[in-house]
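Quick one: structure below, then a few questions.
Just so you know, all these numbers are worked out from the coordinates, no wet-lab data involved. Predicted model, so just to flag it, every value in this text is computed and none were measured. For neighbour counting, all protein chains shown are included, and Cβ atoms are generated from backbone atoms with ideal geometry for every residue, glycine included.
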Amino acid sequence: MNRMTKVTEEEKQQQADEIVANLEKTKKKWQAEKEKNNDEDDDDETDRLLSQAIDVAIKQGKGWKSPEERQAYLDMIGDDDFIPPMFASTQEELEQSGLQDAFTSLKYGNDDGTGNYGELMLECKGKGNEAFANGKRNKAKNVQWYRDAINHYSEALSLAGKIQVTDAEDNDGNNNTEEQDVTNNATASETQENEENRYTRNELDKVMSTLCSNIAMAHMQLKNWGLVRDESTKALYFNANNIKACYRLAKGHQNLKNWEEANNAIEKGLSIPNESDNQDLLKLQTLLTERVRRARVARQKRERARAERIVKVKKVWKWCQESGYRLGRVPLVNTVVDDEDEIGGEEEFRWHFHQPHTGRLPIDFGGNKEWVWPCMFVYPSHGQSDFIERFAESEMFASRMAEAFPEIENDGDGGGETSMPWDHNNEFVCSKLAVYFEVHYEVETDDENMIIHPENVSPLKTQAATMKFYEASRALKGDEGPEIAEVARCLERKLLHKQRKRWNKKHGSLC
């Protein structure tokens, strides 16, 4: 095989020498004809020579395996979107240029899996161990050692992912003579090196699990508890019996105050064979016992409350279906990005004035087929609102309005004021008010693709959608904590963005 490679290289060099000699000869001939004819416009021969020279440079410089591969490269560099590595400004552009793969191949070996990835992986792991040990010995508590350890372990993990595993011997029964010759020509040192860096799938998974666990160990020193949790989870993915990863996962959840998850990690570690009496895990379990119990009780309480809410929503949905009522929803946020129109804080919520009352449901009053509904009166001109917790279906608006906005009593001198401190012009009296209510304007259609303006009411067509909207409104109010509120806010923003995009596409603007 080595002899054949050598002959091929000689043939390539001989071919290059012939082309260069022909190039020089042709160039002299062209120069002589040019001087004789005084012709300065004929560049056809020059173009041909340059093309021939370029072909030689590409063939000798790139070592193409086939004409198709060469043509693919020429097509790539001729593409308008191709960016030379020298002008790459982002990581993505650098990856597309191919330069990163070239340097990787030079440093780590060939792309066919025959590189020295195993040796380099062990070298990076050793550097990581040394950096971590230096961090522990460092009396100045310089955390840079731990950051260096994380970088070395991460590089080792990346190299481990490139190692080709050998789960079993070659069972294909191939007796290819050429392959046998290649094997026989391999040197003893190469054979020994390949044997040392060969891993089965199970062995490599254990190595990768150890590396992930080591990364988590270094993050523990930096108190990056979220990353401790993530890396420990990855370590257990590669090796479920990694006892150190179980302990570090428990510590990560402990410091994130995920008490039940921490207890689950402890129990998982204690269930590993021969680890039921692991003192570190048992000590941690004893420390967290009371907090785990409280977290479990709180979770069960939340689950019961949610089950009760589901029952209530189902009851409301059933009543609306039987009575011919249709429920609707509006966007619960007013912006799709944090800095949109410089709106923030409580103004983020389109209906922020009703937040204290969010989560109220209609009630079957007395079981006599009459329901009372929570009702909100909104006064956009003054940015004010009134909330009526119980508004019966048979009740008239006029009576409620007369109660909320009584007529001004004349005190004899023609004066008098309304009871609302924000009504500076004394306009809000029952006789002067007009009541408006909004419904979605496509009641009769069941088209799933109908486009509704973001500020209009969208119909809730299923019980599941109704429950989802109800839970989102409660979450935005903060009933489920700040993290769930942020998730609900992101989902509402996504929905609002989708509505705006669809409306703009059809009508050109939101106006």
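Using a cut-off of 14 Å between beta-carbons, work out the net charge of the residues near residue 145 (Lys and Arg +1, Asp and Glu -1, residue 145 not included).
Counting the neighbours of residue 145, the net charge comes to +4.
Let's test the formula: R0 of 51 Å, r as the Cβ-Cβ distance of residue 264 and residue 315. What FRET efficiency results, to the nearest 0.05?
It comes to 0.90.
Net charge within 14 Å of residue 395 by Cβ-Cβ distance, Lys/Arg positive one each and Asp/Glu negative one each, not counting residue 395 itself?
Numbers: positive: 390, 400; negative: 370, 389, 393, 403.
The answer is -2.
Go ahead and run the numbers for FRET between residue 139 and residue 255, Cβ-Cβ distance against an R0 of 22 Å, rounding to 0.05.
Here the calculated transfer efficiency is 0.30.
Moving to a separate point now. Pull up all non-local amide H partners of residue 329: gap of 5 or more, or a different chain, and H-to-H distance under 5 Å with H placed in the peptide plane.
Here the answer is 458, 460, since their amide H atoms fall under 5 Å of that of residue 329.
Right, another one. Show me the ranking of peptides 299-305, 208-214 by mean Cβ neighbours inside 10 Å, starting with the highest.
Order by mean packing, descending: 208-214, 299-305.
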